[in-house]
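What follows is one structure encoded as structure tokens, with my remarks underneath.
Nothing in this text is a laboratory measurement; each read-out follows from the coordinates by a stated rule. Model, not experiment: these values are computed from the prediction. As a convention, Cβ positions derive from the backbone with ideal geometry for all residues, glycine included, and neighbour counts pool all protein chains shown.
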Amino acid sequence: MPNGPQDRQEAAEAGVVIRVQAMQRSGSYVAAAVVIVAVVAAVAWVLTTQPQAFPGLQTVGLYKFKAMPVGADGPLKECVVCHSVETGGPLRVGPPLHGIVGARKARTEWYGYSTALRKAEGNWTEADLDKFLTSPSKFLPGTSKTLIGIPDAKQRADIIAALKKAP
């Protein structure tokens, strides 16, 4: 029991401190509950909402294009993801492949070829393309081509034939 005004004052201050601490703790619990509810609502929204389809996109395997690239419907379907194959085709990540058979290696001035390919001499022959498509890193050690290689000889021959006929 408080005996004097000073004791009462100290008791009152202690009570205020306890009440403030309790209110702070309650506020923390409320804030945590609000965050949990928001996270659960966001997860539920993501799981129940279907992504909007982009009108006009065309699909080739895993790839989606605004306009179907030339060559996407044949043996060049994996090539056209990075390269255009038609005359005056759009610029893509890799250099254009139109007219590549018989063309000088590393012929495109704007493309950042690997040092290995820039130093390679001569023109692309069908035999060179076949070796390159089989294993780019064995044909040109140090190349930056990310293609692992195409082990199937018929698939490589079809790609080279399609490159020769590309519009």
Could you give each residue of the range 123-140 its phi-based ³J(HN,Hα) in whole Hz, using Karplus coefficients 6.51, -1.76, 1.60 with θ = phi - 60°, and x for Gly or Pro?
10, 6, 9, 4, 5, 4, 4, 4, 5, 4, 5, 5, 7, x, 6, 7, 5, 10
Past 22 Å, Cα to Cα, is the threshold; run 66/131; 105/145; 119/154 against it and keep the listed order.
66/131; 119/154
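What percentage of all Cα-Cα pairs in the range 53-167 are separated by more than 23 Å? List each step's numbers first, then the result.
Working: 1804 of 6555 pairs.
The share of Cα pairs beyond 23 Å in the range 53-167 comes to 28 percent.
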Among 124, 110, 45, which comes first, second and so on when ranked by fewest other beta-carbon atoms within 10 Å?
110, 45, 124
